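Q: Before I ask anything, here is the structure I am working with.
The values are calculated or read from the model by the stated rules, or taken from the named source; none is laboratory data. Computed from a prediction, not measured in an experiment: that's the story for all the values here. Backbone-built Cβ (ideal geometry, glycine too); neighbour counts: all protein chains shown. For the accessible areas, the whole protein counts, side chains as well, though only heavy atoms, and no ligand, DNA or RNA atoms are used. Shrake-Rupley method; radii C 1.70, N 1.55, O 1.52, S 1.80 Å.
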Amino acid sequence: QVQLEESGGGEVQPGGSLRLSCAVSGNIFGTYQRAWYRQAPGKQRELVASIRAGTTTTYADPVKGRFTISGDNAKNELYLQMNNVKPDDTAVYYCNIQTYATSYWGQGTQVTVSS
């Protein structure tokens with residue numbers, strides 16, 4: 001059984017940093033993208049950052065230059081380094097693994113940016 005478990009969320013002041021982690025357990029075949037999404041209250045879930053083939057990364061415009069997605073294949077973990085956070089970054093952040101057959105999601109971790 002595949003499970004994705006996010007951690008590292010919390011409350012942070014504007015301009016601060018957080019590092020989110022996603023621990024993946026179980027066997028996943030045919031992965032073509034690993035990603036972080038977020039969903040703010042009253043808004044649709046949106047793609048924040050993705051990584052394909054282990055090296056090709058893409059970022060949503062609002063987080064470019066501030067967030068970095070990375071993975072550790074040996075630990076089977078995915079990370080999102082969030083720097084210079086802003087109040088608009090407040091959301092529940094979800095880890096996602098997309099295969100050619102299905103999509104796996106974690107339960108989410110809350111990030112609140114507030115002074």
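Q: Keeping to segment 1-29, report how many residues are open to solvent by 90 Å² or more (accessible area, probe 1.4 Å) and within 28 Å of Ala74 (Cβ to Cβ). Show your work before the answer.
A: Pass one, segment 1-29, residues open to solvent by 90 Å² or more (accessible area, probe 1.4 Å): 1, 3, 5, 11, 13, 19, 27, 29.
Then keep just the ones that are within 28 Å of Ala74 (Cβ to Cβ); that gives 1, 3, 5, 19, 27, 29.
Number of matching residues: 6.
Q: Keeping to segment 58-96, report how many residues are closer than 15 Å to Leu47 by Cβ and modelled with pLDDT under 95.
A: Within segment 58-96, residues that are closer than 15 Å to Leu47 by Cβ and modelled with pLDDT under 95 number 0.
Q: Still on this structure, please answer the following. What residue, among those in segment 66-98 that are assigned to a loop (DSSP other than H, G, I, E, B) and of a type in the set (A, V, I, L, M), is surrounded by the most Cβ atoms within 10 Å (Cβ to Cβ)?
A: Within segment 66-98, the subset assigned to a loop (DSSP other than H, G, I, E, B) is 66, 73-76, 83-86, 90.
Next, from what is left, pick out any that are of a type in the set (A, V, I, L, M): 74, 85.
Details: Ala74: 6, Val85: 21.
Within segment 66-98, the match that is surrounded by the most Cβ atoms within 10 Å (Cβ to Cβ) is Val85.
Q: A further question follows. Do we find that Val63 is on the phi < 0 side of the Ramachandran plot and buried (at least 19 other Cβ atoms within 10 Å of the Cβ) in this structure?
A: Details: on the phi < 0 side of the Ramachandran plot: yes; buried (at least 19 other Cβ atoms within 10 Å of the Cβ): yes.
Against the criterion (on the phi < 0 side of the Ramachandran plot and buried (at least 19 other Cβ atoms within 10 Å of the Cβ)), Val63 qualifies.
Q: Hey, another quick one. Search segment 1-24 for residues that are more than 12 Å from Tyr94 (Cα to Cα) and pair each with any residue that is of a type in the set (Val, Ile, Thr) when their beta-carbon atoms are under 6 Å apart and the residues are at least 6 apart or on different chains.
A: That search, which allows pairs on different chains as well, returns Val2/Ile28; Glu11/Thr112; Val12/Val85; Val12/Val113; Pro14/Val113; Gly16/Val85; Leu18/Val12.
Q: So which residues in segment 39-65 are without any contact (Cβ under 8 Å) to a residue 12 or more places away in the chain, under 19 Å from Val92 (Cβ atoms) and not in a loop (DSSP other than H, G, I, E, B)?
A: Answer for segment 39-65, where residues must be without any contact (Cβ under 8 Å) to a residue 12 or more places away in the chain, under 19 Å from Val92 (Cβ atoms) and not in a loop (DSSP other than H, G, I, E, B): just Tyr59.
Q: OK, next. Based on what the data block shows, is Tyr32 in contact with a strand residue (DSSP E or B) (Cβ under 7 Å, 6 or more places away or on another chain) and either open to solvent by 50 Å² or more (accessible area, probe 1.4 Å) or of a type in the set (S, T, N, Q) (or both)? Break it down into steps so the answer makes sense when it comes.
A: On the way: in contact with a strand residue (DSSP E or B) (Cβ under 7 Å, 6 or more places away or on another chain): yes; either open to solvent by 50 Å² or more (accessible area, probe 1.4 Å) or of a type in the set (S, T, N, Q) (or both): yes.
Here the answer is yes, as Tyr32 does meet what is asked.
Q: Which residue out of Ala53, Ala23 is small (Gly, Ala, Ser) and either within 12 Å of the chain's Cα centre (by Cα) or more than 20 Å from Thr99 (Cβ to Cβ) (or both)?
A: After ruling out the rest, the residue left standing is Ala23.
Q: Also: Do any residues in segment 71-89 that are within 10 Å of Leu20 (Cβ to Cβ) and of a type in the set (Phe, Trp, Tyr) have Cβ atoms under 9 Å from those of residues that are in a loop (DSSP other than H, G, I, E, B) and at pLDDT 95 or above, where the two are at least six apart or on different chains, and which pairs are they?
A: Within 9 Å, the pairs are Tyr79/Gly8.
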